[in-house]
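Here the structure comes first, spelled out in structure tokens, and everything after it is commentary.
The values are calculated or read from the model by the stated rules, or taken from the named source; none is laboratory data. From a predicted model like this one, the values you see are computed outputs, not experimental measurements. Glycine gets a Cβ as well: all are built from the backbone with ideal geometry, and neighbour counts include every protein chain shown.
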Amino acid sequence: MSEYELRILSEGELARYLRVSRACLRRWRAVGQGPPWLRVGKRLVRYDMAALRRWIEERAGVRDGQ
């Protein structure tokens, strides 16, 4: 896979990757706290792996409330 190809994860794949529940991902989306997501069609939600990595890196070492 080239660096320019889009690698996307389903909600279930991301939940397993982050070791959180799918309900947790839905709550994060509802309040705008979770990783960036894409809507595919009317109901499908997907997550771009490159955006997910940036989101994780931005939070590395950050404590709640600071």
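Of all residue pairs spaced 6 or more apart or on separate chains, those with beta-carbon atoms under 7 Å, a first member in the stretch 40-66 that is within 10 Å of Ile8 (Cβ to Cβ) and acidic (Asp, Glu) and a second member that is in a strand (DSSP E or B) and modelled with pLDDT of 85 or more are Asp48/Ile8; Asp48/Leu38. Looking across Arg16, Arg46, Arg54, one residue alone is of a type outside the set (A, V, I, L, M, F, W, C) and surrounded by 14 or more Cβ atoms within 10 Å (Cβ to Cβ). It is Arg46. Residue count for the stretch 3-26 satisfying the condition of being over 15 Å from Ile56 (Cβ atoms) and either in contact (Cβ under 8 Å) with a residue 60 or more places away in the chain or part of a loop (DSSP other than H, G, I, E, B) (or both): 5. Looking across the stretch 27-39 at every residue that is in contact (Cβ under 8 Å) with a residue 12 or more places away in the chain and more than 18 Å from Glu57 (Cα to Cα), the one that is surrounded by the most Cβ atoms within 10 Å (Cβ to Cβ) is identified as Arg29.
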